[in-house]
Every structure is written in C-alpha cells, then in structure tokens.
Amino acid sequence: MTGYAYQWVSRLANPILGWITGWISFTFLAIVVVAVDYTVAATVVPALFDFTGTPLTSFEITAGVLLLQALLVGLSTKWTERVNNFAVTAELIGMVALVVLLFIVGVIAHKLSVGNLFSRGDIPAEGYWSFGTATSVGPWMLGFLLGAFTIVGFESAANLAEETKKPEVVVPRAMWQAVLASGVLGFLFLLVVTAAVNDPTTLAQSGTPIADVIRDILGSFVGTALLILVAIAIFACGLVILMSGVRLVWAMSRDQRFPGWQLLHKVSPRFRTPANATVFMAATSAVILGIFSTSTDALFKLFSAATLLPASIYAITTALYIATRKKLPASAGFSLGRWEVPVLVVAVVWLVFELSLFRDASFKDPWLYVLAMVAIGAVYLGYLLVTRGKEGSRCPRWHRSMLNWMKSPALPRNP
C-alpha cells in the first residue's frame, strides 16, 4: 500500500509506532530530495557551464530543480513516470558507457593507477583504520557512509503499489533490481574514478572533483555529454523521491493522521494527483533548503542527515519484522526462503554498525535537524492522543479489518 514504512510498521507493531515511523520517513524524504537536487546544483551544473558555484547559486539552482519536479508530480503522474523511465534508461546507458570509456581510455593513456585504490591521500596514517572514540570515527570507517547514502530509497517502489498491476510481484522485483544495479554499477564507477585520479591533493580542493576526473580522461566534449546524462539521472532520482514523499503525506492524511490532513488528503479532480500534498512536500523541502544552503559545507550536512534517517527507519522495520515474522501470512509474490535468516543477521549487524558511526562530532547539525523534526512530530502525536485517545489515534480505514486478517487461523504462516 501507498505510505512507505508507515504502512509496514503500523501492521507489524501498532498504528502509534507506525505513525512515529511515518513521521521519521517524512523527515527523511523531505531532506533527501534536497540533498539529491543540491548535488546537481553544487557539482554538475558548475562543471557544465564552467563557473564557480557559491551557496547562493546552489540555492537558486536547487530551488529551480525542486520547483520543476513539484510541477511534474503535481500536474501529471503519467508524465512523471515517462520522465523517470527515460532517465533510468539514460542513467543505465550513461553509467555503463562512463565506466567502460573511463577504463579503456584510462588504460590506453596510462592514466589509471591501481595504487590510488589503497592510498590514504593526504590523510595521516595515525587513526586511519581506527573505529574511533566516543565522539569521533576513523576516516576509513566514515567511508562506509558513502555507500549507505547511495543505496537507500529502493523501497520507494512500494509507494506506487496502489497504482501498479500485480504489485506483490512487480514491487519486490523493482527493489532488488534497483539495489543490484546501483551496487554493481556504483562500485565499478567508484573503482575506475578513484584509479583515474591524477593529483588527490589538488582534486580535494575542487568543488566538482568527479567532473574534473571525467574531463581529464575523456576530454571536454565526451565528458560534458556524460555529465548531461548524470544530471538527467540525478534529476529523476529527486523526482522519484519527491513523489514518494508526496504519496507518504497523502497516505497518512488519508488516514487522518497528518497535520493538515483535511486538505492534504484531497486528490485534484482535474489532474488526478494529490496536488495539495505535492505543494506541502515541496514547500517543506524548500524551507529545509533555505536553512542548510547558507553553510559552505551544506552538501555534507544534507548527505549526513539523509543517511542517518533511513538507517533508523530500516532498523525499526527490520527489528519489528524479526519480532513478528512468525505471525505474518506467507508472501504471495516474493520470498527469500532459506536465505531470510542469513539476510536478517547481516542486516542487523550492518545497521548497528552504520548507526554507531553517527556518534562523530561532525554530525552535530544533522542530529539537530532530526531532533527538531522529532520534537514537532511529538507535539502533533501528543495532540492526536489527547484529542482522540489511544483508540482514536488508530487508522480509521483499515485497523479493524487488518487486525482480523493478522489473527486469522486459516492463513499460512511464514516458516
């Protein structure tokens, strides 16, 4: 069902914990779309048009991209899907071409250095491999968060389940295919780009390091063409994130459990989209952009918050699934089978490790953002409990029927 982790946790545990997870998910989606769009503004556009970006130009470009995405999502679901499908195709073609060309040209021109893959660059050797202290983490450990930021949001496909034929089959397939493609292509891309770095010290001072490496190896024309494909892919990524956030706001509003649900649950009769929820989601992200864009290290702070929050969401969902998996009916479309337990063990170990990295003092501002949003959510949840009571805070549309479904003795159970 539409509604991201909000729907899952509401069923795995209870509607109140589901609401909390839904609010955390909203907090995540509202900032991650800014982080993704800001990447275009801060790293790709300056390289394409040959200018030095500033916090102001990054803000203006990101705001423009966000507005365009909101118009697409709010005016036409069909056109949003078309743009996304085109962008996914362009992304796959572009990434494969980029990896292959960087490798071939780099080898021929003798510009690839395997030693770069094992180099610390200018980072001191002392403490490089260290797990860190109570308030710091070693550089090598922090590197894990790069992958953690990249491979998130794969479950967003479930947010369009109610608009998809055979979602029990299509959605799981889309999720594992997205993770596989991102993991393999992303790993190969990072491998060849790192090997292609000529001067790590100089590159570290650049505002567009990846673009600089691509142009150094492939030349200006090919590099520019591939950067355009990258920009299209990142735009589509932000588009899907915004759509996912809109669907979450709409789903919680449909259940009368989101601030302003009286307006946000409505679907535009003309465009057949949750237009009000789209405006609200885009406006919230614009406010977040305005707060973070004044900082010179805005991209780091945005990335950090957009990595911390999904890790928390995945941890909650995984823990609750482990606690209730024996009570759940068997899946009708996808199952890990005997691999389920090993996957759960690895997931728990990884999530505990990932969350432990955010004790580093450099993550102060992301934590402040999370705490501020949680405080706002706590006030509204308190309002729900006071005005409606514990029973009144339940989802009015489905709770009783879902409870009966979960308790039905005739349903097959997970092994």
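No value in this document is a laboratory result; all are computed from the given coordinates. Being a predicted model, the structure only gives us computed values, none of them experimental. Glycine gets a Cβ as well: all are built from the backbone with ideal geometry, and neighbour counts include every protein chain shown.
Please check the chain for the longest run free of trypsin sites (Lys or Arg not before Pro) that are loop-located per DSSP (anything but H, G, I, E, B) and have at most 13 other Cβ atoms within 10 Å. Display every interim value, and only then the final one.
Values: sites that count: R120, K165, R270, R272, R397.
That gives 273-396 as the longest site-free run.
Loop only by DSSP, 10 or fewer other Cβ within 10 Å of the Cβ. Give me the GluC sites (Glu not before Pro) in the range 61-137 that pass, ordered by residue number.
Numbers: sites: E81, E91, E126; in loops: E126.
Passing both the DSSP loop test and the Cβ count: E126.
Mean separation of Cα pairs under 8 Å and 6+ residues apart, divided by the residue count of the chain: what relative contact order is that in percent? Spell out each step's value before the answer.
Details: 501 pairs, mean separation 124.5, N = 415.
The value is 30 percent.
Exposure proxy check: V184, V83, V222 ranked by fewest other beta carbons within 10 Å? Show your work: numbers first, answer last.
Numbers: V184 12, V83 19, V222 16.
Least to most surrounded, the residues fall as V184, V222, V83.
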* Relative contact order of the range 1-150, defined on C-alpha pairs under 8 angstrom at six or more residues apart (%) -> 9 percent
* Roughly speaking, what is the centre-to-centre gap between the range 154-221 and the range 1-65 when only Cα atoms are used, to the nearest Å? -> 17 Å
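For the range 192-260, what is the per residue volume of the convex hull drawn over the alpha-carbon atoms, in cubic angstrom? Kindly include the intermediate steps, with their values, before the conclusion.
Numbers: hull volume 9.1 nm³, N = 69.
Considering the Cα atoms of the range 192-260, their hull volume per residue is 132 Å³.
How big is D for the range 188-318, in µm² s⁻¹ as a whole number, if Stokes-Einstein is applied with the Kirkwood radius of its Cα pairs at 4 °C and 1.567 mPa s?
Details: Rh = 18.1 Å.
For the chosen part, D equals 71 µm²/s.
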* **Potential lengthening between R173 and S220 on full extension [0.36 nm per residue; Cα-Cα distance subtracted]** => 13.1 nm
* Asked: Is it possible to state the helix-based mean residue ellipticity at 222 nm for the chain, with each DSSP H run of 4+ residues giving -39500 (n - 2.57), the sum divided by total residues, to the nearest 500 deg cm²/dmol? What is it?
  -> -23000 deg cm²/dmol
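Viscosity 0.692 mPa s, temperature 37 °C: Stokes-Einstein D of the chain from its Kirkwood Cα radius, in µm² per second?
D, rounded to a whole number, is 143 µm²/s.
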